[in-house]
Every structure is written in C-alpha cells, then in structure tokens.
Amino acid sequence: MFHHETFPSSLFNVPLAKPLALDPDYRPLALGVKNYRKALAAHGSHETLVVGLEQNSGSVARLELKVFPLAAGRDVDNLRYVSWMVNGLLWVCGGWRVSVGGPKALCDAIVAEYSVDGPWKFEREIMGQAFNRPFEVVVKNPADIAPAGKGALTLGGNLKGCRIGFDLGASDYKVAAVVDGEVVFSTEIPWTPKTEADPAYHYKCINDGFKLAASHMPRLDAIGGSSAGILVDNQVMVASLFRAVPKERFLQDVSPIFLKLREEWKVPLEVINDGDVTALAGGLSLEKNGILGIALGSSEAVGFLDRNGKITGWLNELAFSTVDANPTAGTDDWSGNPGVGAAYFSQQAVDKLAGPAGLSFPADMGLPERLKEVQALMAKGDSAARAIFETIGTYLGYTLPWYAEFYDMEHAMILGRVTSGEGGEIILAKAKEILAAEFPEVAKAISIFLPDEKSRRVGQAVAAASLPALA
C-alpha cells in the first residue's frame, strides 16, 4: 500500500518552485504527471498499456497510456502513474469492471492495487455499490478491450409548465417554484441529514419542501432536482447525506426515495447529481457548452455538460479523486484516502487552511459558520483570509490540468458558497495565474469563470426544475 507512506515515486514528488505558506508539502498530481511524461520522453522508448472501464452496458471509457519499458527500471513510477490514471477515470466516469492490457507485470500490479486488501478498497466498495454488482479488475489482451462508447442523457432544458426545482445539500435543502422558466418562489430549509438514521425524517423533509413550493403555483406539472452522491436511474446508490441510515433501511427506503415521491405526486420526477445540475445551469444561463462546473460547498460537487450540451451520465465524483500526490496529505473522513478533492475545494479546505493562516474558531462552530467568519474577515481586507483564498486558487490552477485529462471541456465554471464575495474573485485570479505560468496550453484551451449572482442563485433552481420532460 502506498497510502500514508513516504513518496513511492520520485517522479511524483514535485514541490512548487515557491512552496505554499499554508500548505508547504502540497505536491500537485498534475505536476507529477507532467514530470513523468517528460522523463518518459527523455528515455526515448515506451510500451503501451490499455485501460477499459465498463458500466452496466459495455465499455464507456478507454485510455491508452504510454509507460516506461520493463528494462528502464521504472516499475514503481509506472505503477503510480497508471494507478492514478485509473483512479481518476473511475471517479469521473464510474464503472464496475476495469480491463487492463499491456505489460504483464504492470497489469498484475494494478489488479493487486484494487484487490480486497489493496490501497483502493474504498473505490472497490463504492463502485460495486453504485452499479449493484461486484467490482473487478481483469487482465485482457489489449486488442480485446472494447472501444469507447460514451452515451449522454437527454435531460434538461424543459422550461414550460409549473415545476419544482430542488437541491439537497449537507446543511440546507433548497427548493423553488418555477413557472415557464421563471422562479416565483425559492427558499433554503435547514436540515441535518448526515446525523439522521430514520429514513422517514428524510422523506418528510423533502416532501414538506415540495408541498411548500407547490403552494406557490396554480398546479404542478413536474419535479426536477439534484442531490449530493451517486444516483443511477433516479435511485440513490451512494450518498454521504444518508450515511447514518443503517444499510438495510438504506436499501429499502433511501435508495428508492425519489421513486416513492414520484408515485406520491404522480408527475414526472427526475433527480441527478448536484454537480451535473450546476453544469446544466451554466449551459442554460450562459448559452455555453463544454462546461465543467465545480461547486465549492460543503464538499466538492462536479458536473459536466459536453460540447453538444448533453449531460453525460458519468459519476463526476471528483470529491474523492486524488489531486495531491503527497501520500502524507490529510485524509478524507469518509474514504480515508489522502489528498482528495473534497479537502481542497470546499468548506473543508477553508477550515484546513485556517489554522496555518493563524485563525481559530470555537470547537463547536460548524464549517458553514467558519466559512462565514473567514469571508467576513476577507470583506475587511484581512491578510490571513486572503491567503486562504489564494491557496485554494493555487490548488485550482494546478488541478484543472488534471481534470482536463478526462474531460473535453471548453469552460470551467466555479461556484458555491466558498466562491461568494471577494474570495471567489481571488480564487479565480490565482487559478488563471497558475495556469498561464505552468500549463499555458491548458490556459489557452479553457476559460475559467465565475457565474454572475443571478445564474448562481436562480440558474440552479431553473436547471433542476427543467430536467423532466412533460408527459
């Protein structure tokens, strides 16, 4: 296992030219990948390893990776590179079977990494749960690994009628009444889903929000919404929001919760990952496609709208995807993995950086309140608060090239509570600065922007409400 050890590969131990004052041990994975490829090019020869990732109906993603030949003595470097590429692909697309073909020793090492006792046990468990079948990594002849076949959903953009739009977050539940694309009512309802073990609590909270929104319209034609977690065919497969619910009750009452709500309301109801709604909102309000939406909230929520304006149906769970190659980076409280996105692009990141910045909070103060304190300091021109947002911007600048390995994007839209106020502008400016200096080719290919206040607050509700087509 390489988690929590010293650096297993010197090629990925790439410090910043100017270490971050608040996170001096940060080692951007994108710089490690860049360094690996530079060393491979200098070596002058390579072998090819093919990766195929399958969902429930055939291959959905494929990578062809150039790696050092066996004689180069770079086995550890090869393993780290391929392992991170496979892991990134898993959290972007999702799937239950990984096929690898190429150098046998390297293929066997990848199989071991995803074994029951391997370092990626969490991925193995979550992917099996998400696709409702055992997760596996198998070795094949490269020629037998199917070509990519990436479908796209056809949800969104339906604006006619009286609709409810909703979003389930970790600290609040947003719900809106939308009539012919115009928001006529919206509110945020506080709730505590992570600590509630009774599914009846969740059902009642969501349903009460529906009733409140519906009371502001003459009728109800459709319901569309978003939620943190992994949803497949309107069923909750994996979600930290409901982590307190016992497994049997989860399968019985939480997984089909939206199917039950649809039956009760007897109107079309569609719910998808919150990140995808973010991307859809950007596409609708800005009339742009090829958008990767990154919401910095209680966690990191990501969605993607392809260049044809379609939602891909991928997982986009980048909160669990590694962005820091340092194996001693702080671990995520759910996956136990070090250096994952949730700790770099969320309220968790603000809290993590506050201590090194010299800020302290009462022990019983929640993360949303801590963020507000930092934002209030930022409004007063506090240098410690500025340093926190500049550090997050640096993280973003070094991470977008990693995301670009998997997404054919033209725009990166950042939003969420962490980006509110001046802090968002600081994050944006710093990310652009890093991209221009370190990854000029990515800087030229991708525009990064903050949506305006209207599309931040209203666009999300309209986008969610627009998901279902009317019968």
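The values are calculated or read from the model by the stated rules, or taken from the named source; none is laboratory data. In this text the structure is predicted, and so the values were computed from the model without any measurement. Virtual Cβ from ideal backbone geometry, glycine too; neighbours counted across all protein chains shown. All accessible areas refer to the heavy atoms of the entire protein, side chains included, with ligands and DNA or RNA removed. Shrake-Rupley method; radii C 1.70, N 1.55, O 1.52, S 1.80 Å.
Would you be able to say whether some residue in the stretch 301-310 is under 15 Å from Ile414 (Cβ atoms) and touching a Lys or Arg at 6+ places or on another chain (Cβ under 6 Å)? No, the conditions are met nowhere in the stretch 301-310.
Filtered by the rule that a residue be part of a loop (DSSP other than H, G, I, E, B), within 17 Å of Ala239 (Cβ to Cβ) and among the aromatic types (Phe, Trp, Tyr), the stretch 314-358 gives Trp314, Trp334. Is it fair to say Asp221 is open to solvent by 30 Å² or more (accessible area, probe 1.4 Å) and on the phi > 0 side of the Ramachandran plot? In short, no.
Scanning the stretch 345-365 for residues that are surrounded by 14 or more Cβ atoms within 10 Å (Cβ to Cβ) and either closer than 17 Å to Ala228 by Cβ or among the charged types (D, E, K, R) (or both) yields Phe345, Ser346, Gln347, Gln348, Ala349, Asp351, Lys352.
All of (1) in contact with a His (Cβ under 7 Å, 6 or more places away or on another chain); (2) open to solvent by 30 Å² or more (accessible area, probe 1.4 Å) hold for Ile257 with one exception: (2). Where strands (runs of 3 or more DSSP E) sit wholly within the stretch 233-307, none has at least 3 residues that are charged (D, E, K, R) and at pLDDT 95 or above.
Look at the stretch 267-292: where a residue is on the phi < 0 side of the Ramachandran plot and of a type in the set (Lys, Arg) and a partner is surrounded by 24 or more Cβ atoms within 10 Å (Cβ to Cβ) and part of a strand (DSSP E or B), sitting 6+ places away or on another chain with Cβ atoms under 9 Å, you get Lys288/Leu305; Lys288/Met413. Restricted to helices (runs of 4 or more DSSP H) entirely inside the stretch 48-155, those with at least 2 residues that are within 19 Å of Asn316 (Cβ to Cβ) are 75-93, 121-131.
Quick grid of which residues meet (1) of a type in the set (Phe, Trp, Tyr); (2) in contact with a Ser or Thr (Cβ under 7 Å, 6 or more places away or on another chain); (3) open to solvent by 70 Å² or more (accessible area, probe 1.4 Å):
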position	(1), (2), (3)
Gly32	no, no, no
Tyr36	yes, no, no
Ala42	no, no, yes
His46	no, no, yes
Gly52	no, yes, no
Glu64	no, yes, yes
Val67	no, no, no
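Considering the stretch 21-30 alone, what residues qualify as being touching a residue at least 60 places away in the same chain (Cβ under 8 Å) and open to solvent by 20 Å² or more (accessible area, probe 1.4 Å)? It would help to see each step written out before you state the result.
Just the residues of the stretch 21-30 that are touching a residue at least 60 places away in the same chain (Cβ under 8 Å), to begin with: 21-23, 25-30.
The answer is Ala21, Leu22, Asp23, Asp25, Arg27.
Entry remark, the stretch 301-322: residues being out of contact with any strand residue (DSSP E or B) (no Cβ under 7 Å at 6 or more places or on another chain) and at negative phi number 4 in total.
Residues in the stretch 167-178 include at least one that is open to solvent by 40 Å² or more (accessible area, probe 1.4 Å), outside any loop (DSSP other than H, G, I, E, B) and of a type outside the set (S, T, N, Q). Considering the conditions (1) in a helix (DSSP H, G or I); (2) more than 17 Å from the chain's Cα centre (by Cα), Pro451 is excluded by exactly one of them, (1).
Listed residues Gly52, Gly128; which is over 26 Å from Tyr398 (Cα atoms) and without any contact (Cβ under 8 Å) to a residue 60 or more places away in the chain? Quick ask: steps written out before the conclusion?
Working: Gly52 fails: without any contact (Cβ under 8 Å) to a residue 60 or more places away in the chain.
That would be Gly128, the only listed residue that is over 26 Å from Tyr398 (Cα atoms) and without any contact (Cβ under 8 Å) to a residue 60 or more places away in the chain.
Which ones in the stretch 301-326 are in contact with a helix residue (DSSP H, G or I) (Cβ under 9 Å, 6 or more places away or on another chain), farther than 15 Å from Asn337 by Cα and open to solvent by 10 Å² or more (accessible area, probe 1.4 Å)? Passing the criteria: Ala301, Gly309, Thr312, Gly313, Trp314, Leu315.
Any residue that is in contact with a Cys (Cβ under 8 Å, 6 or more places away or on another chain), in a loop (DSSP other than H, G, I, E, B) and at negative phi - is there at least one of those in the stretch 380-387?
No, the stretch 380-387 contains no residue that is in contact with a Cys (Cβ under 8 Å, 6 or more places away or on another chain), in a loop (DSSP other than H, G, I, E, B) and at negative phi.
Only one entry of Lys121, Lys104 meets the criterion of being modelled with pLDDT of 95 or more and out of contact with any strand residue (DSSP E or B) (no Cβ under 6 Å at 6 or more places or on another chain), and that entry is Lys104. Quick one: is Lys140 closer than 30 Å to Gly181 by Cβ, surrounded by fewer than 16 Cβ atoms within 10 Å (Cβ to Cβ), more than 22 Å from the chain's Cα centre (by Cα) and not acidic (Asp, Glu)? Judged against the criteria, Lys140 is not a match.
Kindly evaluate Gly397 against the criterion of being crowded, with 20+ Cβ neighbours inside 10 Å and out of contact with any strand residue (DSSP E or B) (no Cβ under 6 Å at 6 or more places or on another chain). Break it down stepwise before answering.
On the way: crowded, with 20+ Cβ neighbours inside 10 Å: yes; out of contact with any strand residue (DSSP E or B) (no Cβ under 6 Å at 6 or more places or on another chain): yes.
The answer is yes for Gly397.
For (1) hydroxyl-bearing (Ser, Thr, Tyr); (2) open to solvent by 10 Å² or more (accessible area, probe 1.4 Å), each residue gets a yes or a no:
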{"site": "Gln235", "(1), (2)": "no, yes"}
{"site": "Arg249", "(1), (2)": "no, yes"}
{"site": "Glu263", "(1), (2)": "no, yes"}
{"site": "Lys266", "(1), (2)": "no, yes"}
{"site": "Gly282", "(1), (2)": "no, no"}
{"site": "Ser285", "(1), (2)": "yes, yes"}
{"site": "Asn289", "(1), (2)": "no, yes"}
{"site": "Ile294", "(1), (2)": "no, no"}
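Being within 15 Å of Thr322 (Cα to Cα), crowded, with 22+ Cβ neighbours inside 10 Å, within 25 Å of the chain's Cα centre (by Cα) and not β-branched (Val, Ile, Thr) is not true of Gly88. A count restricted to the stretch 105-130 and to residues that are aromatic (Phe, Trp, Tyr) and crowded, with 20+ Cβ neighbours inside 10 Å stands at 2.
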